[in-house]
Each structure stands twice: as structure tokens, then as C-alpha cells.
Amino acid sequence: MRKTVRRRAVGGLTALLALLLPPALTAGASTPSADDVIVLRGANSAEGIAAGEGTTFYAGELLTGDIFRGDIHDGKAKRFIDVPEGRMAVGMKADTRNDLLFVAGGTTGKAYVYDTDTRKQVKEYDLAPGFINDVTLSSDGAWFTNSAAPELYFVPVSRRGELGGAADVETLKVGGEAGKPLQPGQFGFNGTQQPTMTTS
């Protein structure tokens with residue numbers, strides 16, 4: 001790992017479900033009615049969700065990797081990006097300034113980046129074997145977690161949305177209690193939130 005790697009304090013993921021449901025529902029006050037549910041028509045599985053610009057949101061079909069886009073005000077969503085066979089879509093995060101969507105690829109060991117204007121893939125990264133579970137954005141790039149290894153992967157992104165290449169991806173080995181080796185079948189790192197401090 002290069003010395004230039006940015007060490008971040010990384011914690012748990014703050015769920016985005018509150019963006020999609022009224023406050024009373026997120027507090028557990030009542031059971032959702034049909035009017036409170038946004039259906040991903042044609043999807044057989046669902047996992048990640050990301051807030052887009054305004055009231056737009058993106059949701060991923062876990063087992064196919066397809067991306068849906070919807071609007072929380074009109075309560076509708078439809079398939080937005082139909083990806084090649086063999087992909088997954090787990091955690092995701094939208095960079096609305098640069099019209100990019102970052103997607104963790106689960107058991108593929110990959111990360112994908114899509115252009116939300118053209119609906120095209122702009123980058124695919126081979127991160128590591130395991131389960132690439134979640135992603136968050138910092139001021140200078142995207143951080144991905146691996147639930148099968150105590151590691152984080154950093155993909156640099158400029159303020160203008162220019163993505164680093166494969167050689168620019170950095171691996172951060174995690175130490176301490178969180179860095180203990182996993183037992184066979186054990187599931188580790190899941191969510192991550194935006195880093196807020198650095199250490200040397």
C-alpha cells in the first residue's frame with residue numbers, strides 16, 4: 001500500500017430508508033400501506049439504495065446488478081440501467097455533482113461506476129476476492145468495503161469527476177479489533193459512512 005493512502009475513520013452505514021418513507025413510518029409507528037411502498041417492477045431481489053438529485057433515488061437489483069431509478073414524490077420506479085449478465089448490485093452511492101453512480105459488486109469482487117446521464121458504465125474495478133458490500137464517497141474518492149476481509153479499497157475521484165485507473169486503487173488494511181481475521185463463513189464489514197477525520 002502506498003504511503004499516500006488516506007487513512008480514514010470509518011464507521012457504520014447510516015440507512016437511507018428515511019428518505020423513502022414518511023417520518024411516522026421510520027419511527028415504527030405504523031405498518032406501511034400500499035401507498036407507502038415503491039415497487040421495483042420486474043425485480044426479483046433488492047438491496048442497495050442511494051439518494052440522487054432532488055427527490056430522485058436509485059435502487060439496485062441484488063442478484064442481477066440492474067439499476068432502478070425512481071422518485072419519492074410520485075412513488076414510482078423503473079429499470080434504469082440494464083447491466084450485462086453476471087453482475088450484482090449491493091451498496092451504492094450517487095455523486096450528483098458529476099452524474100456518477102458507484103456500485104459495490106458483491107461476490108464479483110468488483111466495483112462499478114455508471115454515468116447517470118448516459119446510463120453507460122464508465123469504469124469497472126477488480127478490487128479483491130470476497131464480498132464487496134458497500135461504498136461511501138469522500139471529498140477525493142470512493143471507499144468500498146469487503147465483508148470477507150478486513151480491508152477497505154479507495155478509488156480516487158477528482159472534483160470534476162475524473163476516475164482513477166486500476167493502478168490508482170489503494171488498499172487499506174484495517175487493524176485493531178475490526179482487523180481480526182474472519183473465520184470461514186463469517187461475514188465482516190458491511191456498511192460505511194462518509195469519513196470525517198484523518199489520522200497520520
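Could you pull out which residues in the range 76-113 have an amide N less than 19 Å from a spot 7 Å beyond the Cα of Thr55, following the Cα-Cβ vector? Residues 76-79 fall inside that zone. Based on Cα contacts under 8 Å between residues 6+ apart, the range 45-179 shows a relative contact order of 14 percent.
What does the charge count near Met92 come to, summing +1 for each Lys or Arg and -1 for each Asp or Glu among other residues with Cβ under 9 Å from its Cβ? Local charge sum for Met92: -1.
A 21 angstrom limit on the alpha carbon distance is what I want to check against. Which of Lys120/Lys173; Lys78/Lys123; Lys78/Lys120 exceed it?
Correct reply: Lys120/Lys173; Lys78/Lys123.
A cut-off of 5 Å between modelled amide H atoms, ignoring neighbours fewer than 5 places along the same chain, links Thr107 with Ile132. Across the range 74-85, coupling constants 3J(HN,Hα) worked out from phi with the 6.51/-1.76/1.60 Karplus curve, θ = phi - 60°, read 8, x, 10, 8, 9, 4, 10, 10, 9, 8, x, 4 Hz, and Gly and Pro carry x. With θ taken as phi - 60° and the Karplus curve 6.51 cos²θ - 1.76 cosθ + 1.60 applied, the whole-hertz 3J(HN,Hα) list for the range 118-129 is 8, 6, 9, 6, 10, 8, 9, 10, 8, 8, 5, x Hz, x standing for glycine and proline. Accessible surface of Lys76, taken over heavy atoms with a 1.4 Å probe and every protein chain present, rounds to 140 Å². 3J(HN,Hα) along the range 109-117: x, 10, 10, 10, 10, 10, 8, 7, 7 Hz, from the Karplus curve 6.51 cos²θ - 1.76 cosθ + 1.60 with θ = phi - 60°, whole Hz, x for Gly and Pro. Between amide H atoms placed 1.01 Å from N, distances below 5 Å from Gly52 occur with Phe57, Tyr58, all of them 5 or more places distant or on a separate chain.
What does the charge count near Gly70 come to, summing +1 for each Lys or Arg and -1 for each Asp or Glu among other residues with Cβ under 12 Å from its Cβ?
+3
Here's how it looks for Glu47: its modeled amide H is under 5 Å from those of Gly60, Leu62, which are all 5 or more places away or on a different chain. Spin-label model, Thr107/Ala166: points 7 Å from Cα along the beta carbon direction are separated by 2.3 nm.
Neighbours of Gly60 by Cβ distance under 9 Å: Lys/Arg scored +1, Asp/Glu scored -1, total -3.
The values are calculated or read from the model by the stated rules, or taken from the named source; none is laboratory data. None of the values given here were measured: they were computed from a predicted structure. Positions of Cβ are backbone-derived with ideal geometry, glycine not excepted, and every protein chain shown enters the neighbour counts. Only protein heavy atoms, including side chains, enter the accessible area calculation; ligands, DNA and RNA are left aside. Shrake-Rupley method; radii C 1.70, N 1.55, O 1.52, S 1.80 Å.
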